[in-house]
1. Taking the range 62-99, which residues are assigned to a strand (DSSP E or B) and under 23 Å from I27 (Cβ atoms)?
2. Given the structure, is D117 open to solvent by 90 Å² or more (accessible area, probe 1.4 Å), in contact (Cβ under 8 Å) with a residue 24 or more places away in the chain and assigned to a loop (DSSP other than H, G, I, E, B)?
3. Here is a check on your reading of the model: is L63 aliphatic (A, V, I, L, M), in contact (Cβ under 8 Å) with a residue 24 or more places away in the chain and in contact with a Leu (Cβ under 8 Å, 6 or more places away or on another chain)?
4. Being under 11 Å from the mean Cα position of the chain (by Cα), among the hydrophobic types (A, V, I, L, M, F, W, C) and farther than 22 Å from N28 by Cβ is the filter; apply it to the range 100-114 and report the residue that is surrounded by the most Cβ atoms within 10 Å (Cβ to Cβ).
5. Might you check whether a residue that is farther than 18 Å from E34 by Cβ and either of a type in the set (V, I, T) or in contact with a strand residue (DSSP E or B) (Cβ under 6 Å, 6 or more places away or on another chain) (or both) occurs anywhere in the range 86-97?
6. Listed residues S94, S48, S83; which is without any contact (Cβ under 8 Å) to a residue 12 or more places away in the chain and crowded, with 19+ Cβ neighbours inside 10 Å?
7. Which of (1) open to solvent by 30 Å² or more (accessible area, probe 1.4 Å); (2) under 22 Å from M1 (Cα atoms); (3) outside any strand (DSSP E or B); (4) touching a residue at least 12 places away in the same chain (Cβ under 8 Å) does A58 not meet, given it meets every other one?
Amino acid sequence: MIIGVGVDNVDIFRLNKVYEKWGEKFINKIFNIEEIPSYKDKKSFLNSLAGKFAAKEAIAKALGNGFRDGLTFKSIKIMKSLSGKPVAIVQNRSDEIMISITHTDKVATAIAIINSD
């Protein structure tokens with residue numbers, strides 16, 4: 001049974017401004033070490049971070065409580081399966097979480113669907 005759906009957009013230009021100002025401090029506050037993409041070039045790096053950030057926000061919305069009651073950015077991990085499909089893992093939750101992430105040069109968008117038995 002679907003218990004929640006969330007969607008979020010991230011402006012990549014704005015994320016770049018935050019990254020330029022705070023750098024690693026920002027990255028380490030939001031992302032787990034396993035989530036941080038390897039740095040091939042700045043555009044790919046920022047697009048990946050923006051997509052993962054949007055996915056975390058979409059999951060918080062789908063859960064219906066936002067970032068409170070113990071849910072933090074770092075309690076959500078956005079990883080890739082062997083096939084490249086994005087996979088979400090939320091600490092202390094056993095729900096099935098389906099996510100999809102896409103981006104243009106300007107915006108990253110993610111949708112999350114929470115399914116429970």
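1. Those that are assigned to a strand (DSSP E or B) and under 23 Å from I27 (Cβ atoms): I76, K77, I78, M79, K80, P86, V87, A88, I89, V90, I97, I99.
2. Spelling it out, D117 is indeed open to solvent by 90 Å² or more (accessible area, probe 1.4 Å), in contact (Cβ under 8 Å) with a residue 24 or more places away in the chain and assigned to a loop (DSSP other than H, G, I, E, B).
3. When the stated conditions are applied, L63 passes them.
4. Ranking the qualifying residues of the range 100-114, first place goes to A112.
5. Scanning the range 86-97 turns up at least one residue that is farther than 18 Å from E34 by Cβ and either of a type in the set (V, I, T) or in contact with a strand residue (DSSP E or B) (Cβ under 6 Å, 6 or more places away or on another chain) (or both).
6. S48
7. All conditions are met except number (1).
Quick grid of which residues meet (1) out of contact with any Ser or Thr (no Cβ under 9 Å at 6 or more places or on another chain); (2) of a type in the set (F, W, Y); (3) surrounded by fewer than 16 Cβ atoms within 10 Å (Cβ to Cβ):
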| residue | (1), (2), (3) |
| --- | --- |
| L15 | yes, no, no |
| I27 | yes, no, no |
| F31 | yes, yes, no |
| E34 | yes, no, yes |
| K43 | yes, no, yes |
| F53 | yes, yes, no |
| L63 | yes, no, no |
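The values are calculated or read from the model by the stated rules, or taken from the named source; none is laboratory data. None of these values were measured; they are calculated from a predicted model. Ideal geometry is used to build each Cβ from the backbone, glycine not excepted, and the neighbour counts take in all protein chains shown. In case anyone asks, the SASA skips ligands and DNA or RNA and just uses the protein heavy atoms, side chains included. Shrake-Rupley method; radii C 1.70, N 1.55, O 1.52, S 1.80 Å.
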